[in-house]
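Have a look at the structure below before the remarks.
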Amino acid sequence: FQQTNLLIHWKGEDVEGYSKQLRHYEFRGALRAITGRIGDDVFFTNALNYEHDLAKMSESKMASFNSAMQYIKFTINADRKVLNTNAFVKAAERCSLVHAIYQVVAEQDTFEDLVDGAIENGGFDDVMVGGENQNATWCLRVRHYGSDRIEEKAKRYGSSSRSMKLERKALNTLKPLLLKFGGKVDLLNPDCKIYVFDGLLDRKVLARRLATGPQTSVIDPNTRICVTNTPLCPIAAFVACNVAGVKDGCTILDPYGGSGATLLAAAMISSTCKSVAIEIAHNGLVNRDDIRSDFETRGLKPPLALLLGDSTDSNIRQKAREAIGNHPFDMIITDPPYGIRESKNYNAEPPLVELFQSIATDRDAGKPLVTIGGSLVAYVPCSDEEEIIECLPSEKQTLEAGLQLEDMREQPLNDKLSRWLVSYSCTR
């Protein structure tokens, strides 16, 4: 393994188990879209290691805390180029489950040793007097992690704490380093945000924040004009788009478009992607003008077409292809309306099976819906009485559609129901 000098801080979970298992899945998908590499050679190791006798929490919660911050590693093969920092930063900026990514400048046992380590490392040379960014503003924050917080009756074990006392101590100790900086202190909006993480694997880490994850809240349902009864949450939309590998210039079809949440996330990830949505509901339920307004008011590129119709109709699918120049799509990303069509006895088959049948029909007719090498990513519900394999199109249906199952991850919604994010590749 090659240890990078990068540290990733994942977003927390409002509900335990809701998103942790999707973190690496999303990040590797984003990295693949940026670099063209599969991403299976990238690994994450915990930066926290809490094992305290006084900790009163479940094993699963302890594991969640310990994996909240992780170092990034990757394997080096002779036939592969080494990944650079910029690729990881770009991936972090588009991943909904990333809180921030940091460059580790020094890692020592004491504050005093951090000064020597940082100067020797050169990680702050650009913001020092004479450096490329010598006028950059900066600020310092200290975050304290560790079992001693329990002894101080911390609110919850494993959380971080901003300690003003510790910050003053760090500022005084790091003064020989900070006096070399050319810019002024800016506590509100600094160009360079510096952190001391005290207690990562029982050490002190000096790091600079390189980037944060996207502000997914800007497409929250309560901020949009067009909202359906069961809108896809922004994080789920971002994760699906990253797993699919949305990138600049790609073409995307959502055959069950709804209010456009998936394509909003895609447009935030790539300003040049070209998308098309098909939605059977009429404008009284899903207003197309409102959907366009949701894109335009956020400065995002609207879909090329918002088609009214049934995605099982070959004529509607042909209109979708025509919207992108009569070519197959690079990817299909969707959250099918399970439970809605079935309750109305609209069609006998589940939506994903219908979609696979449509893909097979178009391929046999010489009008492929997905390009070879393209992807299909979808959410599939599964109850506690079912196995996920029972909820997916059969092996025969998958083969006839020219698809191959690549991977899947479970996302529990409640005690009785989960949804799985499944990804397929188009092989023919």
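The values are calculated or read from the model by the stated rules, or taken from the named source; none is laboratory data. Note that the structure is predicted; figures quoted are calculated from it, not measured. Using ideal geometry, Cβ is built from the backbone for each residue, glycine included, and neighbour counts are taken over all protein chains shown. For accessibility, only protein heavy atoms count, side chains too; no ligands or nucleic acids. Shrake-Rupley method; radii C 1.70, N 1.55, O 1.52, S 1.80 Å.
Here are some notes:
- Computed over the alpha-carbon pairs of the chain, the distance histogram in 20 Å steps reads 24, 50, 24, 3 percent, short to long.
- Cα→Cβ-extended label distance, 7 Å offset, between Asn414 and Lys367, nm: 4.2 nm
- Largest-first principal axis extents of the Cα set of the stretch 272-403 (Å): 43, 33, 24
- Spatially proximal aspartates and glutamates relative to Lys20 (Cα-Cα < 19 Å; intrachain offsets below 8 disregarded): Asp40, Glu59, Glu93, Asp407, Glu410, Asp415
- As a rough guide to protection, the peptides 20-31, 221-232 ranked by mean Cβ packing within 10 Å, highest first, stand as 20-31, 221-232.
- Estimated FRET transfer efficiency when R0 is 30 angstrom, pair Leu166-His99 (beta carbons, to 0.05): 0.90
- Per-residue SASA entry for Ser425, accessible area with 1.4 Å probe, Å² rounded to 10: 30 Å²
- Cross-link table Lys169/Lys193; Lys247/Lys319; Lys11/Lys204; Lys73/Lys184, entries beyond 28 Å C-alpha to C-alpha: Lys73/Lys184
- Helix-only arithmetic for the chain: the sum of -39500 (n - 2.57) across DSSP H runs with n ≥ 4, divided by the residue total, places the mean residue ellipticity at 222 nm at -8000 deg cm²/dmol.
- The mean sequence separation of alpha-carbon pairs under 8 Å and at least six residues apart, normalised by the residue count of the chain, gives a relative contact order of 13 percent.
- FRET efficiency estimate (nearest 0.05) - Cβ-Cβ, Leu285 to Ser60, R0 60 angstrom: 0.90
- Cβ-based charge dipole, the chain, positive-most Cα from Ile8, Phe329, Pro231: Ile8
- Exposure ranking of Asp415, Asp109, Asp186 by accessible area [1.4 Å probe, largest first]: Asp415, Asp109, Asp186
- Surface calculation, 1.4 Å probe, protein heavy atoms: Asp407 sits at approximately 60 Å² accessible.
- FRET efficiency for the pair Asp191 and Glu385, taken as 1/(1 + (r/R0)^6) with r the Cβ-Cβ distance and R0 = 51 Å, rounds to 0.40.
- For Arg363, the accessible surface of its heavy atoms amounts to roughly 60 Å² (probe 1.4 Å, protein chains only, rounded to the nearest 10).
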